[in-house]
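Scroll down for the structure; my scribbles are underneath it.
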Amino acid sequence: MPPPFRLLALDSIDSTNDEARRQADAGAGHGLVIMAAEQTAGRGRRGRQWVSPRGNLHCSLLLQPGRPLAEAAQLSFAAGLSLAEALEGLCPGVRFQCKWPNDVLCEGRKIAGMLLETVGQGDHLILGLGVDVVAAPDPALYPAISLREAGSEVSAEEVLSAFVARFSHWFTLWQSQGFAPLREAWLAKAKGLGEEVVVRLDKESVTGIFAGLDSAGGLMLDVANNGGRRLILAGDVFFPVR
Amino acid sequence: MANTPIDSELVRALAGLLDETNLTEIEYDTGSLRIRVARGAAPAAPVTIAAPAAAPAAAAAPAASVEDLSKHPGAVASPMVGVVYLASEPGAPQFVNVGDTVSEGQTLLLIEAMKTFNPIRAPRGGKVSRILVSDGHPVEFGEPLLIIE
């Protein structure tokens, strides 16, 4: 792994994000990568369960971005883009795209999930990543696929190594040049740009045209029926089937 | 700005607009002054009015509250734009309730932006006297989230 990234490999853990938090509390610093063969209490957004069988990749990166909270959220895009690029390199001929803000799609289906959490006084950021290498969960919120189903024989370790290499590149570029280059590269891989999407929010769903990203990473949605432009900061994006 | 008298004309104008447009809430922000006029208790997504219309003759104003709580000494301000959650996940108990005594560093609520979750922690110990945001709603940078006294 490119320094300062270093691996702590575990067999079984409750959640790699929870272990990263414990490591941060115990004084671990930027660059610690925790990987577990299985998670017994894997989590997704808003307390959703993340099914974590052996063979899939479950890992968390402990980061110290050195930037305000509002900017650190842009690392969601660095994570999604890095994984899409890593998988493209490992699986030639398979199509990978990014879905706002940090999902990665393989042939239109969800191949990974991410959960970013700040800890302490906001100086540490934990980037949790799960990739369906050998098995995808039963379809729940969004149709899923595994790399095996997509025809690739890569291992979780290979995916992690390629991901960290790409993430190291984007993290360094983001620190030196800010969000703009990252935003542009992410948009070039984004699914549904300029097309109709449905965004499921905490208490409603909104349909509109995915017009782009604002300078902070919010999704700009031109709401249907002349509903004006709305900036989405949190929610789940869906693409209507035509 | 502590001694700025309340601009009742402006409040009446906003209240009139509230009636006229059938909105539930209007937020008016000049940068140095922020006024929110709302009916009822449950805030909808705020609508920002760029400039006040010519003040109509004062109609009977709806129940209006004038708040500039960002300068309240006990206010905990949002460090970012995002969506606020009062509990760790749907169905879980709130992190804090009005009347709770909290200690420094305790998690008060979560703010999500771009699928990044940021716990907002108590900058000091004290008693939660007001919670100014509602679960699942957007918050602005610097917006007062709750008051600890």
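Computed from the coordinates by the stated procedures, all read-outs in this text should not be read as laboratory data. What you see is a predicted model, and the numbers here were worked out from it, not measured in a lab. Glycine also receives a Cβ, built like all others from the backbone with ideal geometry; neighbour counts cover every protein chain displayed.
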Cα centroid separation, the stretch B:78-126 to the stretch A:143-172 (Å)
33 Å
Starting from the Cα of B:Lys71, draw a straight line to each of the aspartates and glutamates and keep only those under 17 Å, dropping any in the same chain fewer than 8 residues away.
B:Glu27, B:Asp29, B:Glu140, B:Glu143, B:Glu149
Say we join alpha carbon atoms closer than 10 Å with springs in a Gaussian network model of chain A; which of A:Gly89, A:Gly55, A:Gly42 then has the biggest fluctuation?
A:Gly89
Does the stretch A:200-242 come out rounded, prolate or oblate, given a ≥ b ≥ c as the square roots of the eigenvalues of its C-alpha gyration tensor, rounded meaning a/c under 1.5 and, failing that, prolate meaning a/b above b/c?
rounded
Have a look at B:Ser88, B:Val139, B:Ala113 and report the one farthest towards the positive end of the charge dipole of the stretch B:64-148, computed about the Cα centre with Cβ charges (Lys/Arg +1, Asp/Glu -1).
B:Ser88
Starting from the Kirkwood radius over alpha-carbon pairs of the stretch A:6-188, derive D by Stokes-Einstein at 20 °C in a medium of 1.002 mPa s and give it in µm² s⁻¹.
132 µm²/s
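For the stretch B:64-148, what is the convex hull volume of its Cα atoms per residue in Å³?
On the way: hull volume 8.3 nm³, N = 85.
Cα convex hull per residue, to the nearest whole number: 97 Å³.
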What residues have an amide H closer than 5 Å to that of B:Arg130, excluding those fewer than 5 places away on the same chain, when H is modeled at 1.01 Å from N in the peptide plane?
B:Ile147
Any lysines whose Cα falls less than 27 Å from that of A:Lys191, other than same-chain ones fewer than 8 residues away, would be A:Lys99, A:Lys110, A:Lys203, B:Lys115
What FRET efficiency comes out for the pair A:Gln49/A:Gln175, r = Cβ-Cβ distance, R0 = 51 Å, nearest 0.05?
0.90
How long are the three semi-axes of the equivalent ellipsoid for the stretch A:101-242, computed from the Cα gyration tensor as the root of 5 times each eigenvalue, in whole Å, largest first?
26, 22, 15
Anyone know which of A:Gly130, A:Gly217, A:Gly27 comes out most mobile in the 10 Å Cα GNM of chain A?
A:Gly27
On the formula 1/(1 + (r/R0)^6), with r taken between the Cβ atoms of B:Lys71 and A:Glu204 and R0 of 22 Å, the FRET efficiency rounded to 0.05 is 0.10
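If the only charges are +1 at each Lys and Arg Cβ and -1 at each Asp and Glu Cβ, what is the size of the charge dipole of chain A around the Cα centre, to the nearest 20 debye? Walk me through the numbers on the way to the answer.
Numbers: 23 positive and 27 negative charges, 84 e Å.
Its charge dipole is roughly 400 debye.
At 222 nm, what value in deg cm²/dmol follows for chain A if DSSP H runs of at least 4 each add -39500 (n - 2.57) and the sum is divided by all its residues, to the nearest 500?
Details: 5 runs with 61 residues, N = 242.
That calculation yields -8000 deg cm²/dmol at 222 nm.
Given a Förster distance of 30 angstrom, what is the FRET efficiency for A:Leu141 paired with A:Val94, based on the Cβ-Cβ distance and rounded to 0.05?
It comes to 0.85.
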Looking at the P(r) of the stretch A:1-100, how many percent of alpha-carbon pairs lie beyond 16 Å?
66 percent
